[in-house]
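Step one of this worksheet: look at the structure below.
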Ligand code: PEP
């Protein structure tokens with residue numbers, strides 16, 4: 001698939017402390033992705049700096065998994081945008097469903113984090129997705145449009161070219177999940193594209209990369225990227241092992 005820039009990233013989640021992460025970064029450093037691919041890894045906070053330093057001049061971008069929206073202050077246990085910037089990260093994940101589900105993140109906090117990331121020159125990777133209940137009730141489109149509109153409420157249209165969006169249905173993520181079928185992903189992404197165009201016009205809204213995530217594997221990754229309005233895939237488990245991640249990328253292109 002040589003027609004477009006394809007974003008392929010993996011979320012390491014709560015895996016790989018500094019030494020394991022450094023070994024993974026060492027292995028990734030010399031990886032040369034196909035020209036159309038932009039690979040990225042999303043590392044836990046304690047590994048962020050070593051990984052970002054190791055991959056500084058490589059083709060692999062590095063991101064954090066979460067961020068607070070304030071600059072500093074009495075927010076025990078939180079990490080500020082400036083701290084992430086100082087670690088050398090390029091990307092920050094905002095609103096991953098595991099944060100929304102288990103750590104009470106809301107559309108309100110997501111919206112503040114989006115604006116804060118952009119103020120610091122970080123590329124936010126906004127995650128949106130409907131729950132199984134919302135899917136069963138047939139309110140997927142409304143749910144995603146609401147999440148997207150609130151997340152982008154504090155973002156200027158001219159900043160939209162600097163963001164990434166991942167559609168990750170909650171029912172498709174993690175060990176108990178099942179991958180969404182490609183027709184469903186194509187339909188949802190087309191509907192998301194319409195919302196983006198409504199917000200920002202065709203020129204800008206038409207270009208924001210839309211990634212699919214949720215039980216993506218080496219076997220099915222390519223079938224998503226072939227769909228209209230799918231500009232990449234965001235994987236968890238299938239990318240934790242570096243050779244597997246590289247194989248997945250090579251099988252998409
Ligand atoms: C994720 O959590 O973002 C994800 C896509 O996980 P997995 O690929 O393991 O389902």
Criterion first (surrounded by 14 or more Cβ atoms within 10 Å (Cβ to Cβ) and more than 25 Å from residue 127 (Cα to Cα)) does residue 22 satisfy it?
yes
Would you mention how many residues in segment 145-193 are under 23 Å from residue 112 (Cα atoms) and not in a strand (DSSP E or B)?
24
Residue hits (segment 194-224; within 11 Å of the ligand (Cβ to nearest atom) and assigned to a helix (DSSP H, G or I)) are 221
Regarding residue 170, is this residue touching a helix residue (DSSP H, G or I) at 6+ places or on another chain (Cβ under 9 Å), closer than 23 Å to residue 61 by Cβ, within 15 Å of the ligand (Cβ to nearest atom) and in contact (Cβ under 8 Å) with a residue 60 or more places away in the chain?
no
Residue that is nearest to residue 204 (Cα to Cα) [pool: residues in segment 160-176 that are under 19 Å from the mean Cα position of the chain (by Cα) and surrounded by fewer than 18 Cβ atoms within 10 Å (Cβ to Cβ)]
161
1 or more residues closer than 12 Å to residue 90 by Cα, touching a strand residue (DSSP E or B) at 6+ places or on another chain (Cβ under 7 Å) and modelled with pLDDT of 95 or more: qualifying strands (runs of 3 or more DSSP E) within segment 1-64
37-43, 61-64
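The values are calculated or read from the model by the stated rules, or taken from the named source; none is laboratory data. All values reported here derive from a predicted model rather than from experimental measurement. Note: ideal-geometry Cβ built from the backbone for every residue, glycine included; neighbour counts use all protein chains shown.
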